[in-house]
Each structure stands twice: as structure tokens, then as C-alpha cells.
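Only one structure is covered here, and it is reproduced in the block below.
The values are calculated or read from the model by the stated rules, or taken from the named source; none is laboratory data. If you're wondering where the values come from, they're calculated on a predicted model, not measured in any experiment. Neighbour counts are summed over all protein chains in view; Cβ atoms, including those assigned to glycine, are modelled from backbone coordinates with ideal geometry.
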Amino acid sequence: MTNTTVASVTPLTSARVMWAKVDSGFWVAHRGGEYFGCVDRVAGGFVARDAHGVPIGRYDELDAAKSSLRSTTHPANTARRRRTERASVVLATAAGSTALVFALTAGALAPYL
């Protein structure tokens, strides 16, 4: 006889966003038990960041900044995140290529030193 256990999984889209004030002027959001983003008080307003640390925007009111996290799946935010990730890959590739060129040059010149 096989004993199976079925876990109840709550989709993140229906999970409630829970906020915690962790420091003066800093709030952290969790949804479905996972980190969801944060809001930081800055001079003249609040900055909201998504779960990847990418700034969503600057807001005058705390409630507006908090509610902006719910729109992180908006196509504009998704496109911005993809551009940021793509730029990181391009930069890493360029740095790696430069390092390879220097290593090959040093190896080719070593016999003459």
C-alpha cells in the first residue's frame, strides 16, 4: 500500500501581500512566504523596488509605493528587467573577452621577456 501526501499550494497570484516595517523608513513585502519587494523612504518621497531589487518608481505617498509592487508583472517592468539582465550579460561577456585577449597577449609575449 502506497501512502501519498498531497501538499496544498497557493498560487502566488492569489496570495496576500504582507508588509513588515523593518527599520525607520524601510518596509519589506512578502507574498506567499517569499520576498516580494521593498519600499524605502528617501528625500521627498518613497522608492519601491521589486523582488529583484530593480526600482519600480518614486512615489509621493507610501500607499502608492506599496501598491506599485502589485504591478511588477506589468509588461513595462518585465521589459525593463530583461534589458537590465541583458546589459549585465553583455558587460560580463565584454569583460571576459578583454581578459582573454590580455591573457593570450601575455602568453604570446612571454618568450621574448
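Some notes on this structure:
- Residue in region 69-85 that is at pLDDT 85 or above and in a helix (DSSP H, G or I) present: no
- For region 16-58, taking the residues that are farther than 22 Å from residue 83 by Cβ and touching a Gly at 6+ places or on another chain (Cβ under 6 Å), the one that is surrounded by the fewest Cβ atoms within 10 Å (Cβ to Cβ) is identified as 41.
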